[in-house]
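Every number here is computed from the coordinates shown, using simple stated rules; none is lab data. The structure displayed is predicted, hence computed values, not measured ones. Methodologically, a virtual Cβ is constructed for each residue, glycine included, from the backbone with ideal geometry; neighbour enumeration extends over all protein chains shown.
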Amino acid sequence: MSRKTVIDKADRLKKNYRVILMGPGQALVIGDHDTYDVTKLSFRWSCNCPWGRHKGRWSECSHVMAVRRAQMDPSSQEPVARLAGLLQELKQMKESA
């Protein structure tokens, strides 16, 4: 996938409200084929998508790039803020069960 294609996909994901910032260093991205966990470990972002698992050390996948762009544009989170809260509550319930 070319750099331009990755950038275009990241912009599309953010624009279509498919990035959910869950907290500092934690996000969900609803991709074209699955939902991916994007996390920040120290100074690096990682994604559990196939690209992120195998090639992420060389370049960012579109999901990581979309998260970084959403962080720079807080207004992009307004439509998904309620959903993020519900998902966080569900996750906490599962962890405590």
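Structure above, values below:
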item: Residues of segment 47-67 that turn out to be of a type in the set (Lys, Arg), over 18 Å from residue 32 (Cα atoms) and surrounded by 12 or more Cβ atoms within 10 Å (Cβ to Cβ), as a count; result: 1
item: Residues being charged (D, E, K, R), closer than 16 Å to residue 75 by Cα and crowded, with 18+ Cβ neighbours inside 10 Å - total across segment 6-37; result: 2
item: Residues satisfying the stated conditions in segment 27-76, i.e. within 21 Å of residue 87 (Cα to Cα), hydroxyl-bearing (Ser, Thr, Tyr) and in contact (Cβ under 8 Å) with a residue 24 or more places away in the chain; result: 36, 76
item: Test result for residue 14, in contact with a Gly (Cβ under 6 Å, 6 or more places away or on another chain) and under 27 Å from residue 85 (Cβ atoms); result: no
item: Residue in segment 77-89 that is of a type in the set (Asp, Glu), assigned to a helix (DSSP H, G or I) and surrounded by fewer than 16 Cβ atoms within 10 Å (Cβ to Cβ) present; result: yes
